[in-house]
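Here the structure comes first, spelled out in structure tokens, and everything after it is commentary.
Quick note: the coordinates plus some simple rules give every number you see, no bench work behind them. Nothing here was measured: the structure is a model prediction, and the numbers come from that model. Note that we place each Cβ from the backbone using ideal geometry, even for glycine, and neighbour counts take in every protein chain shown.
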Amino acid sequence: MNEYLRDAIRLLFILCEGSQALPESICDATHIFRGEARLHALDFWLRYPDYLAAELLDRFARDGQPEDLALVENIMSSEEPDIRRLPMVRYFFGAFDPIDNAMSILKSRELVAITGRKSGGRVIETNFLLFPKTFAVCEQAVKSAPVLKWYCDRAKVVCDLAGSATGTALKERQYKRSQYAGTELGYQIPSITEAVRARLDAIKLKGK
Amino acid sequence: MARRPKRDNKSSWTANIALRSGEAEATVEEVLDRRRIKAAPAMSSPRRLTLKTIEFRGEKHGTVTEGPFNFKWSDLEPGLYAILSDSNLKGKSSILHVARWLLRGEPASGLQKDVKAWIQEARLQFSLNETMYEVRLEDPAQGTGALVQLTGDQWNQLARFDSAAEFKSTMSEFFLRELGLDALPTWNDELGKEVVQDWAALSGALSMGPTFSSLLGDVNMAGLPTRLMQMYLGLPWVSTYCEAKVAKSVLDREESERVRRQEDVRREQMKRTLELEDQLQKAKQELTTLPTLADYRAQYGAASEALLAAQAQRRSSLLALEAAKSAQMQLDKAERFDRRRVVEITDTIAAGRIFRTLDPKCCPRCDAVVTEARREREEAANACAMCGEAMHTGDDGEAELVVARETAAKSKAAGDAHREHIRNVESESALRGDDVRHCEAALAKLESELRAGNRRNDLMLVVARLEARLDEIQKPVATPKSDRLKEMAIIAAAVDESDARVKEIQEGLLTEVSKQIVDYARRFGMIQLSEARLKGNAQLDIVKGGKSTTFGAVTVGEKLRLKIATVLAILKSGEKRGIGRHPGLLFIDSPGAQELADDDLADLMRELKAVSEELQHLQVFVAALASPPMLAHVDPERVLRKEGEDWMW
């Protein structure tokens with residue numbers, strides 16, 4: 001069984017949700033997702049629901065949106081940090097997992113086209129072009145396989161959370177999480193579930 | 001066999017008492033001295049009292065012969081005198097009373113108050129053997145006056161008195177000393193104390209009448225007649241006997257008092273002992289409920305061991321819990337992994353189904369477009385249009401999902417089972433923790449009991465104190481018991497010895513006196529009297545007309561004669577032996593009033609005169625109504641008589 005298929009569909013939803021419409025089509029592509037680092041950063045939050053929850057608690061502390069708290073409660077109560085976690089290894093610039101295989105699945109189906117800018121033979125920016133077909137597949141996927149809806153919803157959440165921040169900025173944010181930062185190079189980034197649960201309990205207790 | 005006591009002198013007196021009591025002579029002497037029991041002094045020869053002059057003056061009130069009076073009767077000698085008047089209440093008895101008043105130092109009960117009040121001054125001259133004395137009562141109301149003695153031609157004052165009490169003690173001391181009489185101590189049970197019969201009482205033996213109920217004396221006080229008899233008989237050991245007897249009574253009383261006090265003390269001790277024993281019992285009871293120090297040590301040791309054991313068990317239960325938790329972590333991890341795997345496979349299958357519907361357009365590696373030829377080949381040979389690998393059959397991972405689900409279910413079951421196990425281990429561990437805390441608390445309690453455990457010490461102290469106090473209380477009271485008993489034995493021996501001495505002499509003497517009584521009484525007209533027996537207790541038994549009777553049972557007239565006969569018999573006996581103490585003076589008041597026939601009175605007076613001549617020193621004053629027998633037998637010059645209604649003074 002090809003497990004890259006799951007990576008491919010997850011990335012596909014992130015790409016769609018995190019893309020912007022092109023002013024004019026380039027080779028039939030209508031949208032663009034900018035930055036591979038950004039893709040990695042957004043993917044990290046999907047793969048580590050506990051880190052996402054921590055970000056949401058930060059935002060709740062800042063903005064006080066009840067939906068954030070409700071979502072965190074939902075994440076924690078459905079044991080997502082355990083069940084949905086897909087461990088990543090910390091590498092020089094944060095969480096890293098090669099996306100080549102997943103991307104080739106998307107690329108061979110002509111759902112994504114990789115583009116970018118090069119300077120002196122070195123790639124300095126990787127962008128992803130998306131086609132109308134890409135969005136149609138996403139829509140169809142959620143309909144035909146409801147289990148995949150989670151990826152679509154979560155991609156919306158993380159993209160909303162990230163806003164217009166660049167991949168570098170996002171990675172820096174993630175880097176700051178002490179647990180994450182404390183992880184040695186080449187080792188799996190550990191869970192912060194218990195810390196998040198404690199924060200949540202404290203907030204709930206305070207709210208009572 | 002006890003040595004027969006000799007009774008010759010003082011040394012044999014103490015020796016005999018020592019013999020009787022079994023004590024040393026020195027002890028005997030010390031005790032007798034302390035108790036003031038004197039061996040009978042050597043008796044001096046009898047002293048003779050003779051009135052010489054009776055004189056008094058004053059003023060009568062409320063009588064026919066009102067006015068001043070001045071009575072004087074002088075040149076009196078031994079012999080029989082009579083004071084006679086034709087009718088009563090003319091002052092006959094008063095003359096005797098005044099004489100007695102001056103002798104006694106206090107008025108006799110017969111002296112009428114109004115008569116006493118009339119007298120403004122009184123004088124009595126008397127001789128004792130050859131010496132002249134005079135009592136001068138200068139102011140009877142005040143009791144002032146003097147006792148004087150004639151030395152050569154001079155009256156020398158012997159004593160001066162300024163009150164009735166001083167008057168009485170002056171006369172008492174004088175006569176007791178001069179007559180060689182001892183004030184007789186007697187024990188009065190009613191008063192519970194020693195009473196000294198002084199001269200006033202002893203001088204009762206000098207007078208008789210107008211009633212004659214008592215054989216001797218005029219005061220019928222318990223024991224007095226006996227004492228008077230013994231005294232006037234001249235029994236040398238009587239006073240000693242009296243002193244010893246009184247000392248014995250005092251001692252007995254002291255002893256019974258002491259016994260009573262001791263009884264009180266013993267009762268009090270008993271009460272106190274019971275109280276203390278009760279307290280002791282309670283303290284001991286409480287002590288038995290408290291562990292001893294050894295118990296404490298044993299308990300402490302046991303508690304320490306129990307704590308160590310509990311701690312060891314807790315440690316092992318904690319270790320077990322730790323191991324179980326660590327195993328649980330592994331199980332949890334596996335469980336999570338398996339659940340994740342299920343999700344992973346599920347999602348992958350779904351993704352695969354999405355992507356399989358999309359045919360590849362190009363090679364993701366070289367971007368070469370998938371040609372129609374390759375697509376046809378894939379259709380025909382079921383080989384991938386791009387890599388040529390055999391295309392997958394119907395199975396897109398369902399079988400793997402089934403396995404993953406089964407695995408997940410298993411690991412969940414294992415996790416659940418282990419969680420149950422952990423709960424057991426945890427509750428076991430909690431129990432072990434409780435055990436440790438209980439043991440620690442027990443130990444702490446013991447420690448604090450040991451530290452603060454003074455209750456036991458306190459109780460032990462209390463017990464020791466109570467036991468000491470009980471010992472103290474139950475110790476026999478240290479009384480010089482032997483000394484006391486010694487003294488009592490000595491005093492009892494002194495009583496016995498003096499009693500024996502008195503009785504030995506008295507026996508023969510009383511027989512002799514009794515014979516003399518019969519003789520005198522028959523001379524006084526009691527011719528039917530055949531026998532008389534004067535007993536040691538001064539009771540007189542007689543045989544009259546062949547019948548036995550007593551002094552108390554005869555007629556008043558017979559009593560008069562027996563009484564006079566008895567005094568005279570005692571007097572004569574003393575005279576004969578030269579040791580009697582009766583001074584030889586007698587006052588007889590109104591013998592004629594005692595239903596005495598004139599013949600009998602004649603006999604009495606005649607014989608009285610005869611006896612007063614036999615006993616040369618006897619001086620008798622009789623006050624009576626002037627009757628022929630009286631006038632016939634008293635020398636006219638010795639009769640003081642007032643005729644008609646005249647007063648004697």
| query | Hey, what's the per residue convex hull volume over the C-alpha atoms of the range B:209-329, in cubic angstrom? | reply | 147 Å³
| Tilt relative to chain B, helix B:25-34 - C-alpha long axis, 0 to 90 degrees, to 10 | 80 degrees
| task | Find which of B:Val64, B:Tyr300, B:Ala610 sits farthest along the positive direction of the dipole of chain B, computed with +1 on the beta-carbon of Lys and Arg, -1 on that of Asp and Glu, about the Cα centre. | result | B:Ala610
| Nearest-0.05 FRET efficiency for B:His438 and B:Gln474, computed from C-beta distance (R0 41 Å) | 0.25
| note | To the nearest 0.05, the calculated FRET efficiency linking B:Glu372 and B:Arg423 through their beta-carbon distance, R0 being 51 Å, is 0.15
| Tally Lys/Arg at +1 and Asp/Glu at -1 over every other residue whose Cβ is under 11 Å from the Cβ of B:Ser93; what's the total? | +2
| query | If you take the charge dipole of the protein assembly as shown about its Cα centre, with +1 on Lys and Arg Cβ and -1 on Asp and Glu Cβ, which of B:Ser429, B:Ser127, B:Ala444 is farthest toward its positive end? | reply | B:Ser429
| So for A:Glu17, B:Glu487, fewest C-beta neighbours within 10 Å to most, what's the order? | A:Glu17, B:Glu487
| Roughly how many debye, to the nearest 20, is the charge dipole of chain B about its Cα centre, given +1 on each Lys and Arg Cβ, -1 on each Asp and Glu Cβ, and no other charges? | 1220 debye
| query | Which longest run of chain A has no exposed loop site in it, a site being chymotrypsin sites (Phe, Trp or Tyr not before Pro) in a DSSP loop with at most 15 other beta carbons within 10 Å, and the site itself not part of the run? | reply | A:94-186
| task | Could you work out how far helix B:224-233 tilts from the main Cα principal axis of chain B, as a 0 to 90 degree angle to the nearest 10? | result | 50 degrees
| Rounded tilt (10° steps) of A:49-63 against the dominant C-alpha axis of chain A | 70 degrees
| field | Label point distance in nm, B:Ala26-B:Asp635, each placed 7 Å from Cα along Cα→Cβ | value | 6.3 nm
| Within the protein assembly as shown, helix-based [θ] at 222 nm, where runs of 4 or more DSSP H residues each add -39,500 (n - 2.57), nearest 500 | -19000 deg cm²/dmol
| For B:Glu447, what is the net charge nearby, where nearby means another residue's Cβ is under 14 Å from its Cβ and Lys, Arg count +1, Asp, Glu -1? | +1
| Dipole of the protein assembly as shown [Lys/Arg +1, Asp/Glu -1 at C-beta], most positive-end residue of B:Thr511, B:Thr240, B:Phe587 | B:Thr240
| field | Cubic angstrom per residue, convex hull over Cα atoms of the range A:3-105 | value | 136 Å³
| query | Between B:Asn382 and B:Asn88, 0.36 nm times their residue separation minus their Cα-Cα distance comes to what? | reply | 86.3 nm
| query | Among A:Ala37, A:Ala21, A:Ala145, which one shows the biggest mean-square fluctuation in a GNM of chain A, springs joining Cα atoms closer than 10 Å? | reply | A:Ala145
| note | When B:Arg375, B:Arg47 are arranged by how many other beta-carbons sit within 10 Å of their Cβ, fewest first, they go B:Arg375, B:Arg47
| request: Would you kindly compute the Cα radius of gyration of the range A:128-167 and its largest Cα-Cα separation (Dmax), both in Å? | output: 11.9, 33
| message | Exceeding 27 Å between C-alpha atoms, which entries from my cross-link table qualify? They are A:Lys176/B:Lys412; B:Lys52/B:Lys92; B:Lys572/B:Lys642; B:Lys38/B:Lys168; B:Lys248/B:Lys271. | response | A:Lys176/B:Lys412; B:Lys572/B:Lys642; B:Lys248/B:Lys271
| remark: Computed over all unlike Cα pairs, the Kirkwood hydrodynamic radius of chain B in Å stands at 36.2 Å
| query | If you rank B:Leu216, B:Leu431 by fewest surrounding Cβ atoms within 10 Å, what's the result? | reply | B:Leu431, B:Leu216
| note | Across all Cα atoms of the protein assembly as shown, Rg and the largest Cα-Cα distance (Dmax), in Å, are 76.3, 218
| remark: To the nearest 20 debye, the protein assembly as shown has a Cα-centred charge dipole, built from +1 on Lys and Arg Cβ and -1 on Asp and Glu Cβ, of 1040 debye
| remark: In nm, the gap between the two label points placed 7 Å beyond Cα toward Cβ at B:Thr549 and B:Lys576 is 2.7 nm
| query | What nm value, rounded to one decimal, do you get for the distance between B:Arg297 and B:Leu625 when each label is placed 7 Å out toward the C-beta? | reply | 11.5 nm
| query | Applying 1/(1 + (r/R0)^6) with R0 = 30 Å to the Cβ-Cβ distance of B:Arg177 and B:Arg36, what FRET efficiency is obtained, to the nearest 0.05? | reply | 0.95
| query | Along the principal axes of its C-alpha atoms, what lengths does the range B:260-306 span, in descending order and rounded to whole Å? | reply | 66, 11, 6
| query | Can you pull the Kirkwood radius for the range B:394-523, inverse mean 1/r over Cα pairs, to one decimal in Å? | reply | 27.8 Å
| task | Please sort by residue number the trypsin sites (Lys or Arg not before Pro) in the range A:1-61 whose DSSP state is loop and whose Cβ has at most 16 other Cβ atoms within 10 Å. | result | none
